[in-house]
Each structure stands twice: as C-alpha cells, then as structure tokens.
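Trainee: Quick one: structure below, then a few questions.
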Amino acid sequence: MKILIIEDQKELADALAQMLHNEGFITNAVYDGEAGLYEALTDTYDMIVLDVMLPKMNGFDILRAVRKNNIDSAVLMLTALSQDEDKVEGFDSGADDYLTKPFSKTEFTARVRALARRSRNAYVPDDLSFGNIILSSTKHELCCADQSIALGTKEYQFLELLMINHGIIIPKERFVERIWGYDAETEYNNVAVYISFLRKKLTAIGADVSINAVKGAGYILEEKK
C-alpha cells in the first residue's frame, strides 16, 4: 500500500514516513500544500495523510480538489485544531478519519492500519499504456505486441512516473525525490543509469516511444517521430 504524507513540519513528516515504512508501507512525503496537491493528482496513492495548516494551500482545499478529481484515496487528516467545526469541515470535504496533534506513534499507526483494512478493496491501478507499450501494474512487466520484458522495482517506478506524465519534462530531482526519498544521498547520475536501462529495454521489445533528454531540464517520454 502506498501512502502520501503532506505535512509542512519536515521532521514530523519524515518521522511519520519512517514509522509507516517500518510497518511495511511505501511512503512519500512532501512539505507544502501545492506540492502535495500536485503529487496527489499526478500519482496513485492508496492513502493520504494530510495536515490542515500548510503553506501555499491548506489541507481542506487540497482535499476538496482531490475529491473533485474523483480520487478516492483514504484520507487521514492531521491538525492542531480540535474544534468540532474543524472536524466537521474535514469530514464534509471528504476525509475518512481525523487525528488531533499531538498524537502518539501507537495511535497514529493504529489509525493508518484501520484505514488500510477498510481500503483493501479500493482502487487498484490499471495497466498503463502509451504508444504501443503497456506497463503491467501487477507483473511489473513492459509489454509490446507479443513481447514482454521484466522490470526491476526502480525501473518500474521510473517508467510508471514517465508514462503517467508522458509528454511532460520530469526533472532529475523529481525522480530522486519520488523513488529514493527527499533525504536520499543518491547521486543524480543514478537517474541516468536507470534511464539507460529502460531505453535498452524499450528498444529490445520494439517500442515506438522513447525517453528523451532535455538538456538542463530532465527527461520526457514521447512517441517516436
């Protein structure tokens, strides 16, 4: 299960991400409202842990935008606000549960596990397709016509991000943050290594799409001309 954490207190966000990682969840943390909404709209998450008081865009507005876009991820709201009217606004905006700061590690993980149990039959992403290729979300295979080739975990994550955002330039920093995490000490040249792996596999199965480098900007997945 993949969980997005939108919390502006970086130390808290990273601590929550580590707690959930220890529980066996895949996590991604972002630290302001605009970045959180972008992440929620451009990637697929089973659950969103969402703070209310955020810079650039508050949690209520993020939640309303998420629901307006028909995203049904389970949402656990975090806030220092304890008034009933704030909780009502959260639930009316589409929250599934509400946790008031400060909270214990035990209570937080229990709430997440409870939401996870309720969401087990939630949305399972469809296979992604672009050009003549299909990315299998269940087998982690890249397919083209009657050919298929297995992808490693990070190769799959790279290609998933490129296919979801095909035609859009993705900076190297975005790959590092999305795949290794914000505090990762991964070298940016590791991005180029995985892009090279994927290019070879795309060529091997006769794909009519390519991963192109945009100097000083990043990479973009495009159909071959």
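The values are calculated or read from the model by the stated rules, or taken from the named source; none is laboratory data. A quick note: this is a predicted structure, and the numbers were derived from the prediction, not measured. Every residue, glycine among them, receives a Cβ derived from its backbone with ideal geometry; neighbour counts consider all protein chains shown. To get the accessible areas, we keep the full protein, side chains included, count just its heavy atoms, and leave off ligands, DNA and RNA. Shrake-Rupley method; radii C 1.70, N 1.55, O 1.52, S 1.80 Å.
Trainee: Which of the peptides 148-157, 23-32 is most tightly packed, and how do the rest follow, judged by the mean count of other Cβ atoms within 10 Å per residue? Walk me through the intermediate numbers first.
Mentor: Values: 148-157: 15.4, 23-32: 17.6.
Ranked by mean Cβ neighbours within 10 Å, highest first: 23-32, 148-157.
Trainee: Reachable lysines from K215, Cα under 18 Å, same-chain residues fewer than 8 places away excluded?
Mentor: By straight Cα distance, K215 reaches K172.
Trainee: I've got another one for you. Please go through the residue pairs K10/K105; K154/K225; K2/K105; K2/K139; K56/K105 and name each one whose alpha carbons sit more than 24 Å apart in this structure.
Mentor: K154/K225; K56/K105
Trainee: Further, regarding this structure: Per residue, how large is the accessible surface of region 1-156? Use a 1.4 angstrom probe and give square angstrom.
Mentor: On the way: 7860 Å² over 156 residues.
Per residue, region 1-156 has an accessible area of 50 Å².
Trainee: Which value at 222 nm does the chain reach when only helices count, each DSSP H run of 4 or more adding -39,500 (n - 2.57), with the total divided by all residues and rounded to the nearest 500 deg cm²/dmol?
Mentor: -12000 deg cm²/dmol
Trainee: Measure nothing but the geometry: give the 0 to 90° angle between the long axis through the Cα atoms of 105-118 and the longest principal axis through the Cα atoms of the chain, rounded to 10°.
Mentor: Computed tilt is about 60 degrees.
Trainee: Output wanted: per-residue J couplings in Hz (rounded whole) for region 128-141, from phi through Karplus 6.51 cos²θ - 1.76 cosθ + 1.60, θ = phi - 60°, x for Gly and Pro.
Mentor: These are the phi-based 3J(HN,Hα) values: 8, 9, 7, x, 9, 10, 10, 9, 7, 6, 9, 9, 6, 10 Hz.
Trainee: Let me ask another. At 0.36 nm per residue, minus the direct Cα-Cα distance, what do D32 and E11 gain on full extension? Give it in nm, one decimal, please.
Mentor: 6.2 nm
Trainee: When averaged across all projection directions, what area in nm² does the alpha-carbon convex hull of the chain cover?
Mentor: Approximately 13.0 nm², given one-decimal rounding.
Trainee: May I pose another question? Using the beta-carbon distance between N189 and R64 and R0 = 41 Å, what value does 1/(1 + (r/R0)^6) give for FRET efficiency, to the nearest 0.05? Mind dumping the intermediate values first?
Mentor: Values: r = 41 Å, r/R0 = 0.99.
With R0 = 41 Å, the Cβ-Cβ based efficiency is 0.50.
Trainee: While we're looking at this one, here's another question. At 1.4 Å probe size, with no ligands or nucleic acids counted, give the accessible surface of T138 in Å², nearest ten.
Mentor: Using a 1.4 Å probe on the heavy atoms, I get roughly 110 Å².
Trainee: Using r as the Cβ-Cβ distance of D127 and I169, and R0 as 30 Å, what FRET efficiency do you calculate, to the nearest 0.05?
Mentor: After rounding, the FRET efficiency stands at 0.80.
Trainee: With r defined as the distance between the Cβ atoms of A114 and K215 and R0 fixed at 35 Å, what FRET efficiency is calculated, to the nearest 0.05?
Mentor: 0.15
Trainee: Using each residue's phi in region 5-12, evaluate 6.51 cos²θ - 1.76 cosθ + 1.60 at θ = phi - 60° and report the 3J(HN,Hα) Karplus result to the nearest Hz, with x for Gly and Pro.
Mentor: Values per residue, Gly and Pro as x: 10, 10, 8, 7, 7, 4, 5, 5 Hz.
Trainee: Determine the order of F158, F91 by accessible area, beginning with the largest, at a probe radius of 1.4 Å.
Mentor: F91, F158
Trainee: Compute the relative contact order of the chain as a whole-number percentage, counting only Cα pairs closer than 8 Å that sit 6 or more residues apart in sequence.
Mentor: Value for the chain: 14 percent.
Trainee: Rounding to the nearest 10 and keeping the result within 0 to 90°, find how far the Cα-based axis of helix 33-42 lies from the longest principal axis of the chain.
Mentor: Rounded to the nearest ten degrees, it is 50.
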